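A.B. asks: I have a structure I would like to understand better, so I am pasting it below and will then ask my questions one at a time.
The values are calculated or read from the model by the stated rules, or taken from the named source; none is laboratory data. Quick caveat: nothing in here was measured; it's all calculated off a predicted structure. Every residue, glycine among them, receives a Cβ derived from its backbone with ideal geometry; neighbour counts consider all protein chains shown.
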Amino acid sequence: QDLDVVRLSTKNIKNYTQAIKPVTRTRMPYDTSWSYLIGPGDILSIDVYDHPELTMPAGPDRSASENGFRVQADGRFFYPHIGEIEAGGRSIEQVRSDLSQKLRQIIPEPQVVARVAEFNSQSVLVGGEVNAPNRQTLNSVPLTLFQAVNAAGGGTEEADLSRITVKRNGHTYGVDLNGFLRANYVQNNPILRAGDVVHVPELRNEQAYILGEVDKPSVVDLAKEPINLTQALANQGGLKEVRADARG
């Protein structure tokens, strides 16, 4: 087998060394804004002050979600005395404003309180090298990538958090979550959106071989953390004092 022997020196070592630098940004768009948009399956709770006839009462054994208004597949729900209300793709504040405006035709200055009693329409999937792959429902509080991975049990021992992929709207983005964990680069911890699919890959097999006049010739694992030549030699018992030539 043909081998090319390269003698390393201070002049050429930089050609064979790759600096380990934290990723300062990710190819994935970074947007800090978040507003939950209502979708089919969500249940809305609506109260009108001083008008109990317009509020569906929740009994002692029934929750607000059980007595709420379910958004249908077409994005609408039915409200008494008004009819169909458009809710799909809108915020709860937009729905409240619409209800208030239409109720003015029935009662003067209606005071309407609206909220999402049960979030069902939007979610993300987290899989790969995590301890508990799952589906996570989105709500009014933004969900970041780190929170999603943590809610899936965190990465396994074989997880490579530097090469996470997020599939969104037909595009696949690579995210180095380690850039956030080690250096607090917030761009590497994006807010997830409805329909995102997060995949945590397995560590790639990255090895170096320590051979020759060392105490314990062996394979060095480079996948989990960076290691320099001195550390690698020390981990294998160091050089043999009598026979090793440290200059070569």
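A.B. asks: Taking Arg204 as the residue in question, decide whether it is more than 25 Å from Pro40 (Cβ to Cβ), in contact with a helix residue (DSSP H, G or I) (Cβ under 9 Å, 6 or more places away or on another chain), of a type outside the set (A, V, I, L, M) and loosely packed, with under 13 Cβ neighbours inside 10 Å.
C.D. replies: Details: more than 25 Å from Pro40 (Cβ to Cβ): yes; in contact with a helix residue (DSSP H, G or I) (Cβ under 9 Å, 6 or more places away or on another chain): yes; of a type outside the set (A, V, I, L, M): yes; loosely packed, with under 13 Cβ neighbours inside 10 Å: yes.
For Arg204, the condition - more than 25 Å from Pro40 (Cβ to Cβ), in contact with a helix residue (DSSP H, G or I) (Cβ under 9 Å, 6 or more places away or on another chain), of a type outside the set (A, V, I, L, M) and loosely packed, with under 13 Cβ neighbours inside 10 Å - is met.
A.B. asks: Another question, then. Considering only the range 175-185, state which residues are in contact (Cβ under 8 Å) with a residue 60 or more places away in the chain and not in a loop (DSSP other than H, G, I, E, B). Even if it seems obvious, please write down each step before you answer.
C.D. replies: Initial filter on the range 175-185 (in contact (Cβ under 8 Å) with a residue 60 or more places away in the chain): 175-176, 178-179, 182-183, 185.
Those that are in contact (Cβ under 8 Å) with a residue 60 or more places away in the chain and not in a loop (DSSP other than H, G, I, E, B): Val175, Asn178, Gly179, Arg182, Ala183.
A.B. asks: Give just the number: which of (1) surrounded by 13 or more Cβ atoms within 10 Å (Cβ to Cβ); (2) assigned to a strand (DSSP E or B); (3) β-branched (Val, Ile, Thr) does Thr172 not satisfy?
C.D. replies: (1)
A.B. asks: Further question: Please go through the range 175-199 and give me each residue that is surrounded by fewer than 18 Cβ atoms within 10 Å (Cβ to Cβ) and of a type in the set (Val, Ile, Thr), ordered by number.
C.D. replies: Val186, Ile191, Val197
A.B. asks: Continuing with the same structure: So which residues in the range 190-248 are at pLDDT below 80, in a strand (DSSP E or B) and acidic (Asp, Glu)?
C.D. replies: The one that is at pLDDT below 80, in a strand (DSSP E or B) and acidic (Asp, Glu): Asp221.
A.B. asks: On to the next question. Identify, please: which residue in the range 79-98 is touching a Phe, Trp or Tyr at 6+ places or on another chain (Cβ under 7 Å) and among the hydrophobic types (A, V, I, L, M, F, W, C) and is, among those, nearest to Leu37 (Cα to Cα)?
C.D. replies: Ala87
A.B. asks: Within the range 132-142, identify whether any single residue is in contact (Cβ under 8 Å) with a residue 12 or more places away in the chain, assigned to a strand (DSSP E or B), in contact with a Phe, Trp or Tyr (Cβ under 9 Å, 6 or more places away or on another chain) and within 24 Å of Trp34 (Cβ to Cβ), and answer yes or no.
C.D. replies: yes
A.B. asks: Continuing with the same structure: Within the group Leu103, Leu138, which residue is assigned by TED's automatic domain parsing to the domain that holds Ala73 and among the hydrophobic types (A, V, I, L, M, F, W, C)?
C.D. replies: On the way: Leu138 fails: assigned by TED's automatic domain parsing to the domain that holds Ala73.
Testing whether each residue is assigned by TED's automatic domain parsing to the domain that holds Ala73 and among the hydrophobic types (A, V, I, L, M, F, W, C) leaves just Leu103.
A.B. asks: Still on this structure, please answer the following. Within the range 86-94, can one find any residue that is more than 24 Å from the chain's Cα centre (by Cα), free of Cβ contacts under 8 Å to residues at least 60 places away in the same chain, outside the structural domain of Leu222 (by TED's automatic domain parsing) and assigned to a strand (DSSP E or B)?
C.D. replies: Yes, the range 86-94 has at least one match.
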